[in-house]
Ligand code: SF4
């Protein structure tokens, strides 16, 4: 999971890109980068949070009315500073590119790019593969000035070779800003406009909240398989290149996206409220003696409030979050994840002591975080602890860019509900039903009927996820983790 933003405006864009990246910091805390253009490219990248990477001196240096920013959680690659995006190739024209997602045939592409195109990929970052194929496809057209059809043809070349889920933003020097979303539209991407008199400005981003913060409006989705090209006259050209079923990632609405964002026209907050209502219906069937509903902050709050309302129960924010500690789910190493739970959450004992507590969370992945929270609640003297997850059991690896790629890690893998409850130490665990999760999204946009739900049901919409690919990703992920552990200790 990563966040991307690109702007083509009239004045310097670095401050807007910085604000935009802060708005989507939740999509990755590992590294960030900004590249701007004013006749040459200016770059600043680094490891860590956006606010810690960019200084006043960087703002002075990053000149230009065009730029791309990225905030990254590592998917392929161990997350070194060298792998931070955006990436640059200097031919043809000079192109910068950033992406959100994961290329599943990366190893094969790396070989093809070297053997067939004689281009060397110099990092472990899969965006470099997309960038080099895009550059090659443009170069082969031998155009001195790029027209929309050249861009569309180059993206067609990318779609035919690059498998996976990816949303991309790129700038081609003196030609224009380009954005595209993979043929299945797995990863979100939106664009908006700003009119200040004169030529309009355009921005492209992973989430609509990013455009809100940067004061762009007329927000539209980049559709599945669609290309958006903003030329040097700031004229916008779009083309949908493929007709695959649009299958957006369901987990965006469950966890990744901010509640104030719209993903494919569905407000994330509204969706989480529906999910709370649906889970409340399921909880009701179990006739549990619940005294208090407690959300695991922050993502579960919206659903938990609705559960308490629907069940007419007391709602208490009995777990207080230290906002200055990173998200545990996207912290790469397990040790980091376990110890950070205690640093991140502190209980209000009086709201838990002697009570039957229903904890509500968005999901249960490996179960380490859930178990640590349950232990903490029991240590406060809770009588019984129930656990409601407003998404279904996660059982399959995500190959499209989310850090849950090793299938043996899932607490729900080969386990029934009683076994899962035992593993995380609760009296009962209640999950959302997958069809109701789809329905919660569909209520916000009835055109959305197909989804990527592969981590829940094992059906990969791109259809080309072989056991070799799964094994490769698992191996790569393991190596990355070992490297990460070495870095941590
Ligand atoms: S496998 Fe799950 S997390 Fe990955 S893209 Fe599909 S729905 Fe999203």
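The values are calculated or read from the model by the stated rules, or taken from the named source; none is laboratory data. Given the structure is predicted, the values throughout are model-derived calculations rather than measurements. Quick reminder, even Gly has a Cβ in these numbers, built from the backbone with ideal geometry, and neighbours come from all protein chains shown.
Observations
- Residue match in the stretch 436-444 (condition: assigned by TED's automatic domain parsing to the domain that holds residue 470, under 22 Å from residue 27 (Cα atoms), within 16 Å of the ligand (Cβ to nearest atom) and at pLDDT below 95): no
- Test: residue 184 is in the same structural domain as residue 228 (by TED's automatic domain parsing) and either assigned to a helix (DSSP H, G or I) or closer than 24 Å to residue 18 by Cα (or both): no
Quick grid of which residues meet (1) outside any loop (DSSP other than H, G, I, E, B); (2) touching a strand residue (DSSP E or B) at 6+ places or on another chain (Cβ under 9 Å); (3) more than 16 Å from the ligand (Cβ to nearest atom); (4) at pLDDT 95 or above:
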{"position": "177", "(1), (2), (3), (4)": "yes, yes, yes, yes"}
{"position": "198", "(1), (2), (3), (4)": "no, no, yes, no"}
{"position": "202", "(1), (2), (3), (4)": "yes, yes, yes, yes"}
{"position": "210", "(1), (2), (3), (4)": "yes, yes, yes, yes"}
{"position": "218", "(1), (2), (3), (4)": "yes, yes, yes, no"}
{"position": "224", "(1), (2), (3), (4)": "no, yes, no, yes"}
{"position": "239", "(1), (2), (3), (4)": "yes, yes, yes, yes"}
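- Applying the condition of being assigned to a strand (DSSP E or B) and more than 16 Å from the ligand (Cβ to nearest atom) to the stretch 402-435 and asking which residue is surrounded by the fewest Cβ atoms within 10 Å (Cβ to Cβ) yields 428.
- Against the numbered list (1) buried (at least 19 other Cβ atoms within 10 Å of the Cβ); (2) closer than 23 Å to residue 23 by Cα; (3) in contact with a strand residue (DSSP E or B) (Cβ under 9 Å, 6 or more places away or on another chain); (4) assigned by TED's automatic domain parsing to the domain that holds residue 442, residue 272 comes up short only at (3).
- Yes/no for residue 29 being modelled with pLDDT under 95, surrounded by fewer than 22 Cβ atoms within 10 Å (Cβ to Cβ), in the same structural domain as residue 91 (by TED's automatic domain parsing) and not in a strand (DSSP E or B): yes
- Scan of the stretch 379-401 for residues that are at pLDDT 95 or above and either touching a strand residue (DSSP E or B) at 6+ places or on another chain (Cβ under 6 Å) or in a strand (DSSP E or B) (or both), ordered by number: 380, 382, 383, 384, 385, 386, 387, 388, 389, 392, 393
- Yes/no for residue 243 being without any contact (Cβ under 8 Å) to a residue 24 or more places away in the chain and assigned to a loop (DSSP other than H, G, I, E, B): yes
- Residue selected from the stretch 106-139 under the condition part of a helix (DSSP H, G or I) and without any contact (Cβ under 8 Å) to a residue 24 or more places away in the chain, by the criterion farthest from the chain's Cα centre (by Cα): 115
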